[in-house]
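Step one of this worksheet: look at the structure below.
The values are calculated or read from the model by the stated rules, or taken from the named source; none is laboratory data. For clarity, every value in this text was computed on a predicted model and none was experimentally measured. FYI the Cβ positions are ideal-geometry reconstructions off the backbone, even for glycines, and counts take in every protein chain you see.
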There are 2 protein chains.
Amino acid sequence: MCQKAARLGVKLVPHMKTPQSTEIGSWCKAAGVEVITTSSIKMARYFAEAGWRDITVAFPINLLEIAEINHMLDMGVDLKLFVVDTDVVALLGEQVSRPVQVLIELDAGYNRTGVDADDLNAVREVAAQIAAAEKVSLYGLYCHPGNTYHTNGIEEVRQIWATAIKKANFVRNALSQEFEGLKVRIGDTPGCTLVEDMTGVDEISAGNFIFYDLVMNYLDVCDESDIAVAMAVPVVARNESRRQITVHGGAVHFSKDHLFDEKEQKFFGEVVILEEGGWSSIIPGIKLTALSQEHGTLEVIDDELFSEIKVGDVLGILPIHSCLTANLMKSYTTLEGRHLPHLEQF
Amino acid sequence: MCQKAARLGVKLVPHMKTPQSTEIGSWCKAAGVEVITTSSIKMARYFAEAGWRDITVAFPINLLEIAEINHMLDMGVDLKLFVVDTDVVALLGEQVSRPVQVLIELDAGYNRTGVDADDLNAVREVAAQIAAAEKVSLYGLYCHPGNTYHTNGIEEVRQIWATAIKKANFVRNALSQEFEGLKVRIGDTPGCTLVEDMTGVDEISAGNFIFYDLVMNYLDVCDESDIAVAMAVPVVARNESRRQITVHGGAVHFSKDHLFDEKEQKFFGEVVILEEGGWSSIIPGIKLTALSQEHGTLEVIDDELFSEIKVGDVLGILPIHSCLTANLMKSYTTLEGRHLPHLEQF
């Protein structure tokens, strides 16, 4: 992703909500990344303590956290905050201890958060409030076109990005007389991976690409071999008559995100064989088909495969949604056996 | 639940997987509970360190954790383990440092784990292996009829329990010549709450009842007023045109368990107003209808209600599945403002 950003002349602001680890952050730094995104104030503080000084919190400001925001500004962190609401901008202006930059979040069709990019009056109201707030300045415009997660193929992802880019630049142009040099930042892993024409984009902000997962593989955003995390689960029981394997790996480890296979059967992960230095490709004929709190149930179609799996074995599972799985595990072991730090220990 | 157990003459062995807090455990102790259940070895150790000395780990033994099992036996914990597999019993017998009691997990139709209760040969094989293992003794038979979670009403729950009780006693009778005084333990919140005829049951083991939740309320297992946890979520944005409220409360807080309302619309929680000393009943016309990693989206049908909710407000959300929500939050504040300890800090 660093290479792609360099090739297209955009700045990569990776989202640390996926790894939540300062060491993985430092791998990004080694690859040339200077600025990062977090999904919470607490996560921003964790990375700030590890030395990061340009951190965007990609979530609408919660003024109940103003003390923590001010603490980071006092630490010298160039904190960038998201605004979507005029009242919050006014209150931020009153309560913030030092100058702070904000991005206006635009909604270009995902319909989650953000000011409607087509509603110039609404955008202008927020911008005017920013202009009126002495310590608040406008850095740029941000759009998360998360609807790319619900597409069928590359063309649809590119179409969604083309729309988001067009709408964000329409807003930038409309504001250009009062606000010079506004940056346009767009983020989501499908788009950052698949879109090649980033004309009109200054910065990209994705997180899932750091690990990828089965959702991204099913959307043809990544290859199976791009998936960079697997869960190790011990086999604790086998049921001969149902051809089921029970593993210690449940909803408290994987979350309940799922996909549907070609027969419209829900599943919660694919099985790989853990090997020295990595893992095998996905094993056909076996899937993680049910989760309760601690139990995972593997259904095995292949008789020979079933007979090979023993209680006490440790299998690998590729996660459906790596962000949620990593958030639940709060821990990583590298292939060399080293444990990585995680926000949870902060 | 303590009163019900006393009334029916069964021993309550509550499952701590739901609260995961030694202080909530101590509230159970104050109500007369002497023995508890946990879902993992790590959770057992946490409660052992808090003084509990009779702990059942309600999950098939994972022998990769034998060192930790032996450590707790050396601490003097009367650890009770689940067995479903002859080979594991044999290995446990070789590897365990001191005498340990086990329960054979029976499957009476839930089809998750356990030896098929109808397959007496299979049960006898496991029992024979226990008899042959010098340090392993058989305490009883356990059945988790989790299919009660997928029922329509009290009668179906009672029917499932009647079947489980009958099957477990069939096995107990078949083993009675070799094994005297075997206990029958049955567990799940719908059954423990709704079943009145517990003839043939010695012990009951449920966890969710400690908090209950919307799933239990939708199944008519509990009243809305029995739900004992609510999540406090700050309002961070409102969208006038879509009548949507954004809160800081997403999949990393609630998990993605959901229910369907009367219009078959998926939802992730109900809204209550937090008040001194508790919270209101469920507010009609507003529901948590979408979750991403950190964002929760409330859809508001009622115009007046929408106009009343402001950015900066803190709303309460009753969780769909309290076990998973509590597991993600890893923290509680009582109505008096006191923080409770949690396994996560162990």
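Got at least one residue in the range A:176-191 being part of a helix (DSSP H, G or I), in contact (Cβ under 8 Å) with a residue 12 or more places away in the chain and touching a Leu at 6+ places or on another chain (Cβ under 8 Å)? Yes, that holds for at least one residue.
Would you confirm whether or not the range A:336-344 contains a residue that is more than 14 Å from chain B (Cβ to nearest Cβ), out of contact with any Ser or Thr (no Cβ under 8 Å at 6 or more places or on another chain) and basic (K, R)? It would help to see each step written out before you state the result.
If we filter the range A:336-344 for residues that are more than 14 Å from chain B (Cβ to nearest Cβ), which is where we start, we get A:336-341.
Narrowing the set further to residues that are out of contact with any Ser or Thr (no Cβ under 8 Å at 6 or more places or on another chain) leaves A:336-338.
In the following step, the residues that additionally are basic (K, R) were identified as A:338.
Checking the range A:336-344: at least one residue is more than 14 Å from chain B (Cβ to nearest Cβ), out of contact with any Ser or Thr (no Cβ under 8 Å at 6 or more places or on another chain) and basic (K, R).
All conditions but one from (1) at pLDDT 95 or above; (2) over 20 Å from the mean Cα position of the chain (by Cα) apply to A:Q293; the one that does not is (1). Scanning the range A:6-25 for residues that are closer than 26 Å to A:P60 by Cα, more than 14 Å from chain B (Cβ to nearest Cβ) and not β-branched (V, I, T) yields A:K11, A:L12, A:P14, A:S21, A:G25. Could you tell me whether A:A164 is more than 17 Å from the chain's Cα centre (by Cα) and buried (at least 22 other Cβ atoms within 10 Å of the Cβ)? When the stated conditions are applied, A:A164 passes them. Condition (residue is modelled with pLDDT of 95 or more and within 13 Å of chain B (Cβ to nearest Cβ)) applied to the range A:270-277: is it met by at least one residue? The answer is no, given that none of the residues of the range A:270-277 is modelled with pLDDT of 95 or more and within 13 Å of chain B (Cβ to nearest Cβ).
Restricting the range A:304-325 to residues that are surrounded by 23 or more Cβ atoms within 10 Å (Cβ to Cβ) and within 10 Å of chain B (Cβ to nearest Cβ) leaves a set whose member that is farthest from A:D257 (Cα to Cα) is A:C323.
On the basis of being within 30 Å of A:L343 (Cα to Cα) and charged (D, E, K, R), does A:K266 make the cut? Explain how you work it out, then say what you get.
Details: within 30 Å of A:L343 (Cα to Cα): no; charged (D, E, K, R): yes.
No, not satisfied.
In the set (1) in a helix (DSSP H, G or I); (2) not assigned by TED's automatic domain parsing to the domain that holds B:S97, B:A228 fails one condition alone, (1).
All but one of (1) closer than 30 Å to A:W161 by Cβ; (2) within 12 Å of another protein chain (Cβ to nearest Cβ); (3) of a type in the set (S, T, Y) hold for A:S205, so report the exception by its number. All conditions pass for A:S205, except number (2).
Put simply, of A:G312, A:G250, A:G269, A:G296 the only residue that is farther than 26 Å from B:T86 by Cβ and in contact (Cβ under 8 Å) with a residue 40 or more places away in the chain is A:G269. Taken over the range A:315-346, the criterion of being in contact (Cβ under 8 Å) with a residue 60 or more places away in the chain and at positive phi is satisfied by A:K330 alone. Filtered by the rule that a residue be within 14 Å of chain A (Cβ to nearest Cβ) and surrounded by 16 or more Cβ atoms within 10 Å (Cβ to Cβ), the range B:74-101 gives B:L81, B:F82, B:V83, B:V84, B:D85, B:T86, B:V88, B:V89, B:L91, B:L92. Contact annotation: residue pairs with Cβ atoms under 6 Å, 6 or more positions apart or on different chains, pairing a residue in the range A:102-113 that is more than 14 Å from A:F82 (Cβ to Cβ) with a partner that is of a type in the set (K, R) and not in a loop (DSSP other than H, G, I, E, B), are A:A108/A:K167.
Checking each residue in the range B:121-146 for being under 28 Å from the mean Cα position of the chain (by Cα) and not aliphatic (A, V, I, L, M) picks out B:S137, B:Y139, B:G140, B:Y142, B:C143, B:H144, B:P145, B:G146.
Each row is one residue, and each column tells you yes or no for (1) of a type in the set (A, V, I, L, M); (2) out of contact with any strand residue (DSSP E or B) (no Cβ under 7 Å at 6 or more places or on another chain).
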site	(1), (2)
A:H150	no, yes
A:I154	yes, yes
A:V157	yes, yes
A:S176	no, yes
A:F179	no, no
A:I186	yes, no
A:T189	no, yes
A:T199	no, yes
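Quick one: in the range A:1-21, of everything that is closer than 20 Å to A:L324 by Cβ and touching a helix residue (DSSP H, G or I) at 6+ places or on another chain (Cβ under 7 Å), which residue is surrounded by the fewest Cβ atoms within 10 Å (Cβ to Cβ)? Walk me through it before giving the result.
Here is the first cut: in the range A:1-21, the residues closer than 20 Å to A:L324 by Cβ are A:14-21.
Subset that is touching a helix residue (DSSP H, G or I) at 6+ places or on another chain (Cβ under 7 Å): A:14, A:16-20.
Details: A:P14: 26, A:M16: 25, A:K17: 23, A:T18: 26, A:P19: 25, A:Q20: 27.
Only one residue tops the list, namely A:K17.
In the range A:244-261, the qualifying residues are those that are surrounded by 23 or more Cβ atoms within 10 Å (Cβ to Cβ) and more than 9 Å from chain B (Cβ to nearest Cβ), and the one that is farthest from B:L291 (Cα to Cα) is A:I245.
Does B:I301 meet the test of being surrounded by 13 or more Cβ atoms within 10 Å (Cβ to Cβ) and among the β-branched types (V, I, T)? No: the conditions fail for B:I301.
Residues in the range B:46-55 that are crowded, with 18+ Cβ neighbours inside 10 Å and either in contact with a Phe, Trp or Tyr (Cβ under 8 Å, 6 or more places away or on another chain) or part of a loop (DSSP other than H, G, I, E, B) (or both): how many? Give the steps one after another, and end with the answer.
So the first thing to find is which residues in the range B:46-55 are crowded, with 18+ Cβ neighbours inside 10 Å, and the list is B:46-48, B:52, B:55.
Next, from what is left, pick out any that are either in contact with a Phe, Trp or Tyr (Cβ under 8 Å, 6 or more places away or on another chain) or part of a loop (DSSP other than H, G, I, E, B) (or both): B:46, B:52, B:55.
Here the count works out to 3.
Taking the criterion of being within 13 Å of chain B (Cβ to nearest Cβ) and either of a type in the set (D, E) or surrounded by fewer than 24 Cβ atoms within 10 Å (Cβ to Cβ) (or both), the residues of the range A:216-243 that qualify are A:A232, A:P234, A:V235, A:R238, A:N239, A:E240, A:S241, A:R242, A:R243.
Name the residue that is surrounded by the fewest Cβ atoms within 10 Å (Cβ to Cβ), counting only residues in the range A:285-298 that are closer than 17 Å to A:A230 by Cβ and away from chain B (no Cβ under 14 Å). Ranking the candidates gives A:I286 first.
Consider the range B:24-45 and keep the residues that are more than 19 Å from A:H295 (Cα to Cα) and β-branched (V, I, T). The one that is surrounded by the fewest Cβ atoms within 10 Å (Cβ to Cβ) is B:V35.
Please state which one of A:V171, A:V136 is crowded, with 16+ Cβ neighbours inside 10 Å, under 30 Å from A:I69 (Cβ atoms), touching a Pro at 6+ places or on another chain (Cβ under 8 Å) and aliphatic (A, V, I, L, M).
A:V136
Taking the residues in the range A:27-65 that are in contact with a Ser or Thr (Cβ under 9 Å, 6 or more places away or on another chain) and among the β-branched types (V, I, T) as candidates, determine which candidate is farthest from the other protein chains (Cβ to nearest Cβ). In this case the residue turns out to be A:V35.
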